[in-house]
Amino acid sequence: MKDIRQSFEEIRFTQEEQAALADWLRQAAEQAETMTEGTKRKVKKVSRGVVIGIAAALTLTAGALAATLSTGLRGYFDTATPGAQERLESSIYQLDRSLEYNGWTVALTDCVGDDNKAFIWVEVTAPEGTSLTESENRWFRTSFDLSGEGIAGPTGGSLYTIPDEDPEDNRLSFCMEASPWVDGGLRGAVMDITLDPIADVTLAEGEEYQEIEMYERTEAIRDHSWLFEDVVLDYPDQSIRLEPKLEVDYLDGTATLSQVTISPLTVTVRLEGGSCYDYDSRIAEILDAEAEPEHPSPDEKVIETPSGTTLTFDSGNGAADRLENARARNDLLWGSLGVEVHMKDGTVLSHLPTASGCSGDNGLPPSTPEQAYVEGRFHYKEMNYNLIPDRVIDPSQVDYVTVCGVDIPVNGE
């Protein structure tokens, strides 16, 4: 059997395998006993951005705005921690952009975000008298694309409607979660945002998941895309930025903890140099050392990752085998950062990252060990596949952040 190091080098996915992995995730989510039927329907709607992400991983102005904020973003997030709701409301930036076509109006109302991620609220208004009621087996969706100078990475995805407080009216809403790579950071970026034609869809009969478009309610806009040009994401900077410059233990070596950034939406940590260099070889050695010496089959290898997940590698299992290899690799690469956010009220927020980067993302190693880095971006709440609802915090309520076992004080205390 090939060792884990060789398996890492062969993690490549065809389009068929990507689709299979998306189906695998959907099936796993639907088996969760705690899910409501409505949640199951949402989980089945895996966006194209999520599918691309799976393949790659396996690779305000405040104050006066408060009175006019969209209730959508204000009520969208989990704001259970102290000061979170107030921080959210002071962070929202009004966009007030709208387009009309054949009696329909699509508006980008407002947004909130940080250096790496933005949430943009989309409101759709149909002609008076049009019912936009959804059901368990019929709903609306669209897709978005971002473009502009210096924008790369994940620049699109599918959108599904947010539960409607008045399902009988002629309005519906989407929440766009954008996390492209932008030179200089996402905050303040200028971009064109395109929404694909809004589709009224239902599920085809049968076991295989397949959406079928219906047109009786959206005939007037069935082929119309909505292009918003030069949208400026000018929400305020609410982040706390620290530069600890401390040596920490990482991947059976040491590296420098160079940056910790705490925003209302995420905490991002960055390690540089040292054991960040040639991380895949280090991870392969760790996993090889932890693999069980005896197995039911000579073609199987079993390891337990830092998060407690037991993974079995079967050389004859194709895409699923590569999925398990990549999960183990990512669990060590970013899970070993051991990030915990300790709030002043005693709450501890600790989860694996949902978006990360490292110096080998482009498939090439850094030219020198000094240029090597590993960066992890963590949300404050365990995420489901639709990322609903995300959690917002007030960074001023953070006491300290733990990274690689080292406590980093926040707010000068």
- Query: Considering only residues of the range 240-259 that are modelled with pLDDT of 95 or more and not in a strand (DSSP E or B), which is least open to solvent (accessible area, probe 1.4 Å)?
  - Reply: PRO244
- Message: modelled with pLDDT of 95 or more and either open to solvent by 60 Å² or more (accessible area, probe 1.4 Å) or within 30 Å of ALA372 (Cβ to Cβ) (or both): is that true of ASP223 in this structure?
- Response: no
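With a cut-off of at least 2 residues that are open to solvent by 50 Å² or more (accessible area, probe 1.4 Å), name the strands (runs of 3 or more DSSP E) lying wholly within the range 116-172.
Details: elements: 118-125, 138-147, 156-160.
Qualifying strands (runs of 3 or more DSSP E): 138-147.
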- Go through LEU95, LEU99, LEU108 for me and flag whichever is of a type in the set (A, V, I, L, M), over 19 Å from LEU265 (Cβ atoms) and assigned to a strand (DSSP E or B). LEU99
- Task: Scan the range 91-116 and report the pairs whose first residue is closer than 23 Å to PRO197 by Cβ and whose second residue is of a type in the set (A, V, I, L, M, F, W, C) and open to solvent by 40 Å² or more (accessible area, probe 1.4 Å), with Cβ atoms within less than 6 Å and a gap of 6+ or a chain change.
- Result: ASN102/ALA220; VAL106/LEU99
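The values are calculated or read from the model by the stated rules, or taken from the named source; none is laboratory data. Computed from a prediction, not measured in an experiment: that's the story for all the values here. Positions of Cβ are backbone-derived with ideal geometry, glycine not excepted, and every protein chain shown enters the neighbour counts. These accessible areas exclude ligands, DNA and RNA; they are computed on the full protein's heavy atoms, side chains included. Shrake-Rupley method; radii C 1.70, N 1.55, O 1.52, S 1.80 Å.
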